[in-house]
Amino acid sequence: MPARCSVLAVLSGLALARGAVPSSASLAVDFESHLATQDLTWEWTNTSSQRPSLWWDSGFVGNGLLGAYLFEPDPHDHWRIELSRMDVYDDRYSGKNHTGNFVYDTPRLPIGYLRVGLGSGMASASMRISLFRGELTANVSLRSGCSASLTLLANAAFDQHDVMAMSTVWDTAACGPANPLAVQLVAEVAESTWAPRNPDYVPNPPAQVSRVAPPSPAPEQAALVVSVQPHLRGTAHCTALLTVPSAGREDAFVAISPVVSSPREAQFQASTAAARASGAGMAAIRAANAAWWAAFWPRGAFVTTDATWVSSFWAAQWYKFASASRQGRGVMMDLQGPWFVPGTPWPDVHLDMNVQMQHYAPLSANRLDLFQPFLDTFAAAQRAGRLSLNAPAAWHSSAFAVAAAPTAASGLQLIETCYWDHGPNCTTSPPSITGNLLWVAHLAERHFAVSLNRTSAESVLFPLLSAALNFYRFFQLPGPTQPDGRTHLPTTFSPEFPYRGPDTNYDLQLYRWGLLRILQLADAGVGRPSPEERSQWEARLADLAPYPVGPDGLMIAEGVPLNVSHRHFSHLMAVWPLRTMNFSDADGDFALATRSVDHWAGMKGALTGFCRPAMSQMSAQFGRRAAAITNITFLLSDWIKPNTFYSEGANGPCTETPYAAAYALQAAMLSSWNGTQRVFAGVDDGLLPGAAFYGLRGEGAFLVSARRVSNKTRFVAVLSEAGSGLVVEADMPEPWAAQSNATTPVTLERLHPVGPAMLPRYRVHGLPAWSSVVLLPVGRPRVGGGCRHRPRSGMSRRFQLLGDEARRRRPGHPRRVRQRVPAGAGPTVPDGAAAGPGW
């Protein structure tokens, strides 16, 4: 076998399809064996200084609504399985939230947990998440000599049985007939415990835990315990634990009801779901769950690199994302996903960065089904008029739709709270943060850009974008009223920055993008706005004030320079993700963009992990490939937790940052914007060798695959779903040839290189819908055909809890974990430093 096959690393078979004229890419991966090398694993003993003792050390499962994670808290005499359901929020207020703090007005509520006893005490234990099967297995040896194994899953086939299931198996000869890992359902106080409360705050009633008779079709030997949690409004939710013992084995089924009309109805729903699952049996539940996961993995894009710890992290994010977001659920993940952390400061939805950064990744990974809950959530809120409740009531009489997102945080209904940065009467209005709904609309627009799904554009994107734009009509300062004749914006906040001012770049950049894009959509026949509405958009765009700029680049707002470290990139939206600046102009926008980003990244004090994915993508746009990759590896080595979660503060889960890192890795492989597919634009071969990808989704509804060998792109294969115009940029030796399965001629036109890298750039003519083309250097009609080998092993060690990480302390981040970067993975950066040339 040729030695160069090793560049494929774990990708056992990305090559051109065999045949006289290779016209498409093929992927031959044994996902079961490949993912076995990516599994997250743990090993520890009763004398280990490091154990999975926190949520960020835990093993976890989920099915897009229900979730659980297993860890071993102090004093290490039991395991705790924290249970969660994403849509269980406090409903004490209907409509407008109470004036006070969002974390106790309408917070996400804890569900309770399973306490798993460890009998005579633990001697040693291990744990593994099987990515391929979607289940967690924990093994334990007790001091008495007894050994037992526990398997936990959240049934991905939720349309059959929407439960979590657990099976415990033990050796009766060594352990005796009783379950050595006896399980107990424990209720938690249904409150947000983080923030102080108003003096008139009334707690929810305590949960009632009781043993009740299992309903049919539960087996005769089954036992059922329910925890019914009443709410102040008379509503309730319920958790049911149904156990089925047998010789050397005990199966358990956990069902959690939504918040329903009464305690009785909540108990009925949870008990019935658990009983039905027990009637089907553990074998059937496990098989259905495993079948869903086995079908899931081949459906999306595939990314790999010889930096195997990066590949392992990427695979774990798609296990995690599919555990947290599923089509048909109608529930968008909040900051925690289906893994509630008691005491979190963030029991809610944040719309000034977190929700948006969570949801870019599935778009380019060709996981549009996982993005659907985002669209469903905002479409439902818009149709129900809840987004309009965020705007002042006097604005609701407009002939055009008016809607706004909360200034920062909200409950699941996406209605403004009165906690921070709100305008008069608890509204989204100046001087609060006003641009968030436009950023939400940007994700809906990206969905349309990569899918060309006109139905979604008509039903979700256009109504959302037009409503968000018309919101600005009520507080913009029209040109005729201003000395310079330009339309300005009054004082608003830029997310995360302490000082405010007029013409905030966050607002201006989003507003300009929104006006440009809605006119482009109208030109494409999407939305069909009235002549009056279109005329207003055109006039506003023509008159809109320029971005405030100072000696160091883009400012926060007019008269407000970036003079303190700022962990958010809110003043740089035009650089990324909006990309409305012209980076091909070295003396204009490009110089301004690089100066602005360098100034921001150079002020290191407040920078945390979540800004790194944005830095990575900005770096790739500037042709700084080393910085693009190092920002990702620095995030993974210094900020990402052992189980690939991320925290802001000691106990503040923020799911968006790992997903954004996965997206940044995908964008390094394929960056698709302004009509061009930029292949490996952010890949530095010294830091990310052997890069290859299959089926990443780009603008224009293209599925792109490519492979990199010896510091050059070996081929680019593109499947067109819509027959739209195709332009490809790649550092592939010229001239290029095109080989296609289209029935009509497909030709190439060499374009003038643009941008900082000045890479070869070609337009493909004549590629119809559902046809493929392969671009490759002339004289290389075959590439990699037949290269097959076994996946490497041991990749998951990079994200193990034990063996290769040492606890260390950082200010504000107690018990942080420093994770070892394998040799050859690229340089790390000192604490507080930014990554990349000049940074």
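The values are calculated or read from the model by the stated rules, or taken from the named source; none is laboratory data. Nothing here was measured: the structure is a model prediction, and the numbers come from that model. Here the Cβ positions follow ideal geometry from the backbone for every residue, glycine too, while neighbour counts run over all protein chains shown.
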Residue hits (region 481-537; within 22 Å of ASN453 (Cα to Cα), of a type in the set (D, E, K, R) and assigned to a helix (DSSP H, G or I)) are ARG517, ASP523
Self-check item: Condition check for ASN453: out of contact with any helix residue (DSSP H, G or I) (no Cβ under 6 Å at 6 or more places or on another chain), at pLDDT 95 or above and within 27 Å of PRO502 (Cβ to Cβ)
Solution: no
Checked against (1) at pLDDT 95 or above; (2) in the same structural domain as TYR511 (by TED's automatic domain parsing); (3) not hydroxyl-bearing (Ser, Thr, Tyr), ASP598 satisfies every condition except (2)
Within region 55-87, the count of residues that are in a loop (DSSP other than H, G, I, E, B) and under 26 Å from HIS237 (Cα atoms) comes to 6
Whether any residue in region 211-222 is touching a Ser or Thr at 6+ places or on another chain (Cβ under 9 Å), within 12 Å of LEU185 (Cα to Cα) and in the same structural domain as ARG276 (by TED's automatic domain parsing) is what I want to check. no
Subset of region 412-456, residues more than 20 Å from ILE556 (Cβ to Cβ), among the small types (Gly, Ala, Ser) and surrounded by 23 or more Cβ atoms within 10 Å (Cβ to Cβ), comes to ALA441, ALA444
task: Consider ALA467 carefully, then state whether it is among the small types (Gly, Ala, Ser) and touching a Ser or Thr at 6+ places or on another chain (Cβ under 9 Å).
output: yes
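Under the condition of being surrounded by fewer than 24 Cβ atoms within 10 Å (Cβ to Cβ) and within 17 Å of PHE645 (Cβ to Cβ), which residue from region 71-81 is farthest from the chain's Cα centre (by Cα)?
If we take residues in region 71-81 being surrounded by fewer than 24 Cβ atoms within 10 Å (Cβ to Cβ) and within 17 Å of PHE645 (Cβ to Cβ), then PRO73 is farthest from the chain's Cα centre (by Cα).
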inquiry  = in a helix (DSSP H, G or I) and assigned by TED's automatic domain parsing to the domain that holds THR491: is that true of HIS571 in this structure?
reply    = yes
**Asked** Taking ALA706, is it within 23 Å of TRP314 (Cβ to Cβ), among the hydrophobic types (A, V, I, L, M, F, W, C) and either in contact with a strand residue (DSSP E or B) (Cβ under 6 Å, 6 or more places away or on another chain) or assigned to a strand (DSSP E or B) (or both)?
**Response** yes
Reported set for region 442-456 where residues are over 18 Å from TYR663 (Cβ atoms), part of a helix (DSSP H, G or I) and not charged (D, E, K, R) is THR455, SER456
Among ASP484, ASP503, the single one that is of a type in the set (D, E, K, R), crowded, with 23+ Cβ neighbours inside 10 Å and farther than 16 Å from THR407 by Cβ is ASP503
When region 614-649 is checked residue by residue, the ones that are within 25 Å of GLN38 (Cα to Cα), of a type in the set (A, V, I, L, M) and touching a Lys or Arg at 6+ places or on another chain (Cβ under 9 Å) are ILE632, LEU635, LEU636
Selection over region 25-54 where residues are assigned to a loop (DSSP other than H, G, I, E, B) and surrounded by fewer than 19 Cβ atoms within 10 Å (Cβ to Cβ) yields a count of 8
Residue hits (region 335-371; within 12 Å of the chain's Cα centre (by Cα) and aromatic (Phe, Trp, Tyr)) are TYR360, PHE371
- Does region 704-714 contain any residue that is over 30 Å from ASP39 (Cβ atoms), hydrophobic (A, V, I, L, M, F, W, C) and either at pLDDT below 95 or surrounded by fewer than 23 Cβ atoms within 10 Å (Cβ to Cβ) (or both)? no
If you check VAL244 against the conditions, is it within 34 Å of the chain's Cα centre (by Cα) and crowded, with 18+ Cβ neighbours inside 10 Å?
no
How many residues of region 513-542 are closer than 20 Å to GLY435 by Cβ, surrounded by fewer than 17 Cβ atoms within 10 Å (Cβ to Cβ) and not aliphatic (A, V, I, L, M)? The answer is 1
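Rundown of residues vs (1) of a type in the set (Phe, Trp, Tyr); (2) over 16 Å from the mean Cα position of the chain (by Cα), yes/no style:
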position: PRO298; (1), (2): no, yes
position: THR304; (1), (2): no, yes
position: TRP318; (1), (2): yes, no
position: MET333; (1), (2): no, no
Residues of region 726-764 being surrounded by 15 or more Cβ atoms within 10 Å (Cβ to Cβ) and among the basic types (Lys, Arg), in sequence order, are ARG761, ARG763
Of those in region 126-140 that are within 21 Å of CYS175 (Cβ to Cβ) and surrounded by fewer than 22 Cβ atoms within 10 Å (Cβ to Cβ), the residue nearest to the chain's Cα centre (by Cα) is THR137
Per the filter on region 207-218, residues under 15 Å from LEU241 (Cβ atoms) and either touching a residue at least 60 places away in the same chain (Cβ under 8 Å) or basic (Lys, Arg) (or both) are ALA207, ARG211, PRO214, PRO215, ALA218
Among the residues of region 300-309, the number that are in contact with a Gly (Cβ under 9 Å, 6 or more places away or on another chain) and in a helix (DSSP H, G or I) is 1
Of the listed residues (GLY700, GLY682, GLY723), the one being surrounded by fewer than 22 Cβ atoms within 10 Å (Cβ to Cβ) and either of a type outside the set (Lys, Arg) or free of Cβ contacts under 8 Å to residues at least 24 places away in the same chain (or both) is GLY723
Check: Somewhere in region 301-309, is a residue of a type in the set (A, V, I, L, M, F, W, C), in contact with a helix residue (DSSP H, G or I) (Cβ under 6 Å, 6 or more places away or on another chain) and closer than 17 Å to PRO362 by Cα?
Finding: yes
Exercise. Would you confirm whether any residue within region 723-742 is modelled with pLDDT of 95 or more, touching a His at 6+ places or on another chain (Cβ under 6 Å), farther than 21 Å from SER364 by Cα and not acidic (Asp, Glu)?
Key: no
Review point. Given the structure, is GLU538 in contact (Cβ under 8 Å) with a residue 12 or more places away in the chain and touching a strand residue (DSSP E or B) at 6+ places or on another chain (Cβ under 6 Å)?
Key: no
